[in-house]
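Single-structure report; data block below.
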Amino acid sequence: MLANGCFDLLHVGHVRYLRAAKELGGKLVVGINSDESARQLKGEGRPIVPAEERAELLAALSDVDAVVIFPEADVRALVRELRPDIHAKGTDYTMENVPERDEVVACGGRVAIVGDPKRHSSSGTLARLGRGARRQ
């Protein structure tokens, strides 16, 4: 089983996503974007937390069996290497727009959309922190 993301500021949406992925069964490997690929995806000033620390935080979660940092913007190369039976993606995706879907299927796996509705995000947390800082 493979799940992936930037996981810049760990929040409850991440925990629920990873828990739901783990509930599909088997060992859960979590791929996290390197600092450079997270910056490419999220923009300048991101990530807030360095990759090694994000990996350490995720590895401490009971639902996570292993963590790997990958340098690409998507996990196609990691899918080819690990060949997961299931690639879990969060509810901000649909079956049609999962970037790695073709690679997962080509490797004999399937994609599962899991987790609670997308109501939490690192970007949203940062925006709220910015508003709070200006009020003081």
Query raised in the report: Restricting attention to the range 58-66, does a residue exist that is over 21 Å from VAL98 (Cβ atoms), touching a residue at least 24 places away in the same chain (Cβ under 8 Å) and charged (D, E, K, R)?
Result: yes
Query - Contacts under 6 angstrom Cβ, first residue in the range 93-106 being in contact (Cβ under 8 Å) with a residue 24 or more places away in the chain, partner open to solvent by 80 Å² or more (accessible area, probe 1.4 Å) and among the β-branched types (Val, Ile, Thr), 6 or more apart - result: none
Report task. Answer yes if at least one residue in the range 111-118 is open to solvent by 40 Å² or more (accessible area, probe 1.4 Å), modelled with pLDDT of 95 or more and in a loop (DSSP other than H, G, I, E, B), and no otherwise. Result -> no
Query raised in the report: So which residues in the range 96-116 are under 23 Å from VAL12 (Cα atoms) and touching a helix residue (DSSP H, G or I) at 6+ places or on another chain (Cβ under 9 Å), if there are any at all?
Result: VAL98, VAL111, ALA112, VAL114, GLY115, ASP116
Report summary line: Turns out the strands (runs of 3 or more DSSP E) fully within the range 6-110 with at least 2 residues that are open to solvent by less than 30 Å² (accessible area, probe 1.4 Å) are 29-33, 86-89
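The values are calculated or read from the model by the stated rules, or taken from the named source; none is laboratory data. Values in this document were obtained by computation on a predicted structure and should not be read as measured data. Using ideal geometry, Cβ is built from the backbone for each residue, glycine included, and neighbour counts are taken over all protein chains shown. Keep in mind that these areas ignore ligands, DNA and RNA; they rest on the heavy atoms of the full protein, side chains included. Shrake-Rupley method; radii C 1.70, N 1.55, O 1.52, S 1.80 Å.
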